[in-house]
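A.B. asks: Have a look at the structure that comes next, please.
The values are calculated or read from the model by the stated rules, or taken from the named source; none is laboratory data. This one's a predicted model, so the numbers in the text were calculated from it and none came from an experiment. In this analysis, Cβ positions are derived from the backbone assuming ideal geometry, glycine residues included, and neighbour counts consider all displayed protein chains. Accessible surface areas use protein heavy atoms only, side chains included; no ligands, DNA or RNA. Shrake-Rupley method; radii C 1.70, N 1.55, O 1.52, S 1.80 Å.
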Amino acid sequence: MEQLTLLAGARASAPFSHGDKMHTIAIFLVSVCTIVLSGCATTALPKGVASAGYTEVVSVPLGPLRYFYTASMLPGQNAVGTTYLVRCANTERTINLQIADGLTIDAEEACARVDAAAASSESWIPAASNSYRILLVQEGTSAVARARSLGRFATGRTLALVSPVYGDQHRTFANLVDLVAHESVHALGHATKHPRALDERSAYYAGLCAQLQINGFITEEGLPGGPLASGDQAVRYSSQEAYRVRLEIYPLLAGGGIRLGTPPGKLMLHRCQQIRREMNRLR
């Protein structure tokens, strides 16, 4: 947006052609829309949100362009503190990790799992890849990550996400993989105008299926939670669908989890394939 504003200012000093006028009007409208939408975007954590946090993905078409906004928030009592940046080097997508100082996490492994989760979501809704900015903080930290972008309708998406790091590495990666796959399906759905772009049940399954395929198993702790008594309608809807998916998956839990290669794992993969095929047919 800063670059667009400078371009508009530079063109204002020269005589306008018809194309110049249309370009400047478009920039002006985009700027106004961005300001308005920024004001409407969430700035505080909605009440009733679970400890795993809250993420919203907003996509607004503006002719051939699109305003894309993500906000990801974690509730907690502790401050983020200082962080360091890791630019993932061996991934197919642009992934940047902002990691809080003092965390014990394998950054290279985190990069690989984020990339794999993104690839998994693209098998549900094929589209140009997202880019990712992910803040990793200690469990119990209050944190927010936001990203705004303006670009061509089918591209230019940057997802800003916050994910907690737990004492249990499997739980950390389960949550991270699930979060990336879930929110990526929403973003890819917006980019392709998919009829299920806002469908939470499909997104929850995308997250769980990515957990199984990438991490090898799903624990009860990795399932989505129950309905929340929140004053925020979006939070209520998401939590209701989370509970619906939890009830559908729960019977497959055997011996503490669903493992790849076991009978429950095979049943889960079959369900994943069914829902993924449904998504592909609806494109």
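A.B. asks: List, in order, the whole-Hz ³J(HN,Hα) value for each residue of the range 211-223 obtained from phi through the Karplus relation with A = 6.51, B = -1.76, C = 1.60 and θ = phi - 60°; use x for Gly and Pro.
C.D. replies: For the range 211-223, the Karplus curve yields 4, 5, 6, 8, 8, x, 6, 10, 9, 4, 5, x, 6 Hz.
A.B. asks: Here's a follow-up. Can you pull out the GluC sites (Glu not before Pro) in the range 87-136 whose DSSP state is coil and whose Cβ has at most 14 other Cβ atoms within 10 Å?
C.D. replies: Passing sites in the range 87-136 are Glu92.
A.B. asks: Express as a percent, rounded to the nearest 5, the fraction of DSSP beta bridges in the range 63-181 (both residues included) that run antiparallel.
C.D. replies: Restricted to the range 63-181, the bridges split so that about 50 percent are antiparallel.
A.B. asks: So, one more: So how do His270, His170 rank on accessible area, 1.4 Å probe, biggest first, that is with the largest at the start?
C.D. replies: His270, His170
A.B. asks: Hey, another quick one. Dipole magnitude of the range 94-168 about its Cα centre, charges +1 at Lys/Arg Cβ and -1 at Asp/Glu Cβ only, in debye to the nearest 20?
C.D. replies: 600
A.B. asks: Which whole number in µm²/s is D for the range 150-196 by Stokes-Einstein, with the Kirkwood Rh taken over Cα pairs at 20 °C and 1.002 mPa s?
C.D. replies: The calculation lands on 176 µm²/s.
A.B. asks: Sequence gap at least 6, Cα distance under 8 Å: using those rules, report the relative contact order of the range 190-263 to the nearest whole percent.
C.D. replies: Across the range 190-263, relative contact order equals 35 percent.
A.B. asks: Ranked from the most accessible area to the least, with a 1.4 Å probe and all protein chains present, what is the order of Ser163, Ser142?
C.D. replies: The ranking, largest first, comes out as Ser142, Ser163.
A.B. asks: Turning to a different aspect of this structure: If you stretched the chain out fully between His170 and Ser123, how much longer would it get, using 0.36 nm times the residue separation minus the C-alpha to C-alpha distance?
C.D. replies: 14.5 nm
A.B. asks: Search the structure for amide H atoms under 5 Å from the amide H of Arg157, placed 1.01 Å from N in the peptide plane, and list their residues when 5 or more places away or on another chain.
C.D. replies: Here the answer is Ser131, since their amide H atoms fall under 5 Å of that of Arg157.
A.B. asks: Something else now. Let me have the relative contact order for the range 110-170, percent, based on Cα pairs under 8 Å that are six or more residues apart.
C.D. replies: The normalised contact order for the range 110-170 reaches 36 percent.
A.B. asks: Whenever you get a sec, compute what percent of the accessible area on the range 119-233 sits on carbon and sulfur atoms (1.4 Å probe).
C.D. replies: 47
A.B. asks: Leu282 to Leu103: FRET efficiency via 1/(1 + (r/R0)^6), r the Cβ-Cβ distance, R0 45 Å, to the nearest 0.05?
C.D. replies: 0.70
A.B. asks: What's the local net charge at Arg196, with K and R +1, D and E -1, over the other residues with C-beta under 13 Å away?
C.D. replies: +2
A.B. asks: Assuming 1.306 mPa s and 10 °C, estimate D for the range 123-272 with Stokes-Einstein, Rh taken as the Kirkwood radius over Cα pairs, in µm²/s.
C.D. replies: So the translational diffusion coefficient is about 97 µm²/s.
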